[in-house]
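Engineer: Just dropping this structure here.
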Amino acid sequence: MSARPGRPATHHGTEAREAPEQKRILTVLVISQVLSGAGLAAGITVGALLAEEMLGSTGLAGVPSALFTAGGALGAVAVGRLCQRWGRRPGLSLGYVIGAVGSLGVVAAAVADNVPLLFLSLLVYGAGTSTSLLARYAGADLASPARRGRAVSTVLFATTLGAVVGPVLVSATGDVAHAWGMPRLTGPFLLAVAAFTAAAVAIGAFLRPDPLLLARELAEAAPAPGSQDAGDTTVPAGRTDTRGLVTGTAVMVLTQLVMIAIMTMTPVHMRAHGHDTQAAGLVIALHVGAMFLPSPLTGLLVDRFGRQRIAAASGLILLCAGVLAAVAPPHSTATLAAALVLLGVGWNFGLISGTALVTDAVPLDRRAGVQGLVDVGIALAGATGGMASGAVVAAGSFPVLAAGGAVLALAIVPVAALSARDRRTPPERSPRNTPINQVNR
């Protein structure tokens, strides 16, 4: 008996037997993402402002974003390799611990007015931000290809609460920091210390069974030589779909580059035109919400209409965001907020569709390591965007930066079209090849 096209194959309750493990894993990942989201938001919200305050230069305001995204590249390599060798649980939990240490270092650097320590701590902090994004892959380890987009989107959606609450609490956490004799802008990083620590505890204590290790066990139980492995019905065992891998990586790299460049300088641009920190925090909160809140819908669209179509849509949405940011009156909070919301939605479309493309393309035995390397490229793109954004604004203006981002976003559309395979309906798995069914016979 075969399943209907576009849906996971089921046979005698196979789907029901899969659900308890996947449901528990997604629940733990959701909890950790709610916590880590607040840590992720700290650098986004006040990193550039803190650097501008300590360095006294707008041209260097993009350095924090570049540093913590570069640190994210190093973290992605380390966490990816740990996951590949030992499983998701030790890799993710250690990444969050390192992020907490980096956040504490940023606070110490601001208190001591020590710029070298600030730069070093932002590199370490980046490991926490990269871990928060790498966690999305864990949600897909046991998901069937037809539900992979939704599994990834569930994990990303959970980031919404912490990532939105963090920027909104800029003023409140700043008051706490001030009461403790620290600069106000260290407040969000104090929150990040607690958030990343709690996320590490949640993953380390409760991510059982480890989704990647369990997926490998199921793959080993698959009997037929040459059959597709348990976690991947999209590519033959041991083979990589190079075109899908390159396309998914390129889409995520470009969306990250455009998003980071425009987002990093928006608070600086707003403060230069009379907006207070709370207004900038609100705009960033809306932006971060748009980065994660649409995830359930995006995952459904990716699974239903195909990876490439949603990837192309991300380019068009980012194009609109860049144009709107470029023409927005500098004193209009509403227009800038609308541009940043579009920027977040476009990034969300690109990340989820690109993640699905990469996961589809790589066989299970190499997946975690390749995913870590892909996220290195994403982090380096963010570092480039963050570093260049301050220089572009200092040499030109914020509208020039936004317009340049719009032009670059348009390139995502032909990149997405490079993947010739139609992934709207992943190949079905017949009942005899369903791993849980095999294991339970």
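Engineer: List the residue pairs whose Cβ atoms are under 6 Å apart, where the first residue sits in region 315-327 and is over 15 Å from Ala290 (Cβ atoms), the second is crowded, with 22+ Cβ neighbours inside 10 Å, and the two are 6 or more positions apart or on different chains.
Structural biologist: Filtered contacts from region 315-327: Gly315/Ala409; Gly315/Ile412; Leu319/Ala409; Ala326/Ala402.
Engineer: Same structure again: If you check Val253, Val246, which single one turns out to be in contact with a helix residue (DSSP H, G or I) (Cβ under 8 Å, 6 or more places away or on another chain), modelled with pLDDT of 90 or more and under 19 Å from Val362 (Cβ atoms)?
Structural biologist: The unique qualifying residue is Val253.
Engineer: Follow-up. For region 70-79, check the following and say yes or no: at least one residue is surrounded by fewer than 24 Cβ atoms within 10 Å (Cβ to Cβ), free of Cβ contacts under 8 Å to residues at least 24 places away in the same chain and under 29 Å from Leu286 (Cα atoms).
Structural biologist: no
Engineer: Additional query: Right, Phe305: surrounded by fewer than 19 Cβ atoms within 10 Å (Cβ to Cβ) and of a type in the set (Phe, Trp, Tyr) or not?
Structural biologist: yes
Engineer: Say whether the condition of being among the polar types (S, T, N, Q), over 30 Å from Ala143 (Cα atoms), surrounded by fewer than 24 Cβ atoms within 10 Å (Cβ to Cβ) and touching a residue at least 60 places away in the same chain (Cβ under 8 Å) is met by at least one residue in region 265-274.
Structural biologist: No, because not a single residue in region 265-274 is among the polar types (S, T, N, Q), over 30 Å from Ala143 (Cα atoms), surrounded by fewer than 24 Cβ atoms within 10 Å (Cβ to Cβ) and touching a residue at least 60 places away in the same chain (Cβ under 8 Å).
Engineer: Based on this model, can you work out whether Gln228 counts as modelled with pLDDT under 75 and either in a helix (DSSP H, G or I) or not hydrophobic (A, V, I, L, M, F, W, C) (or both)?
Structural biologist: yes
Engineer: Restrict the check to region 53-63 and report whether at least one residue is at pLDDT 90 or above, out of contact with any Leu (no Cβ under 9 Å at 6 or more places or on another chain) and within 30 Å of Arg271 (Cα to Cα).
Structural biologist: no
Engineer: On to the next question. Cβ-Cβ under 6 Å, sequence separation 6+ or interchain: first residue in region 189-204 and more than 18 Å from Gly105 (Cβ to Cβ), partner buried (at least 24 other Cβ atoms within 10 Å of the Cβ). Which pairs?
Structural biologist: Ala198/Leu35; Ala202/Ser32; Ile203/Ser32; Ile203/Leu92
Engineer: Would you point out the residue of region 98-156, among those that are of a type in the set (Phe, Trp, Tyr) and surrounded by 23 or more Cβ atoms within 10 Å (Cβ to Cβ), that is farthest from Ser353 (Cα to Cα)?
Structural biologist: Among those that are of a type in the set (Phe, Trp, Tyr) and surrounded by 23 or more Cβ atoms within 10 Å (Cβ to Cβ), it is Tyr125.
Engineer: Quick check on my filter: what residues within region 174-219 are surrounded by 24 or more Cβ atoms within 10 Å (Cβ to Cβ) and not hydrophobic (A, V, I, L, M, F, W, C)?
Structural biologist: Residues satisfying the conditions are Thr186, Gly187, Pro188, Pro211.
Engineer: Pull up region 100-151, narrow it to residues that are of a type in the set (S, T, N, Q) and either part of a helix (DSSP H, G or I) or at pLDDT below 90 (or both), then point me to the one that is nearest to Gly56 (Cα to Cα).
Structural biologist: For region 100-151, the residue satisfying everything is Ser121.
Engineer: Looking at (1) at pLDDT 80 or above; (2) closer than 19 Å to Met259 by Cβ; (3) surrounded by fewer than 24 Cβ atoms within 10 Å (Cβ to Cβ), which is the one condition that is false for Leu49?
Structural biologist: (1)
Engineer: Taking the stated definitions as given, is Gly369 crowded, with 24+ Cβ neighbours inside 10 Å, at pLDDT below 90 and either touching a helix residue (DSSP H, G or I) at 6+ places or on another chain (Cβ under 8 Å) or of a type in the set (A, V, I, L, M, F, W, C) (or both)?
Structural biologist: No: the conditions fail for Gly369.
Engineer: Does Arg7 satisfy being modelled with pLDDT of 75 or more and surrounded by fewer than 19 Cβ atoms within 10 Å (Cβ to Cβ)?
Structural biologist: No; evaluated as a whole, the condition is false for this residue.
The values are calculated or read from the model by the stated rules, or taken from the named source; none is laboratory data. Here the structure is a predicted model, which is why all the values come from computation and not from measurement. For neighbour counting, all protein chains shown are included, and Cβ atoms are generated from backbone atoms with ideal geometry for every residue, glycine included.
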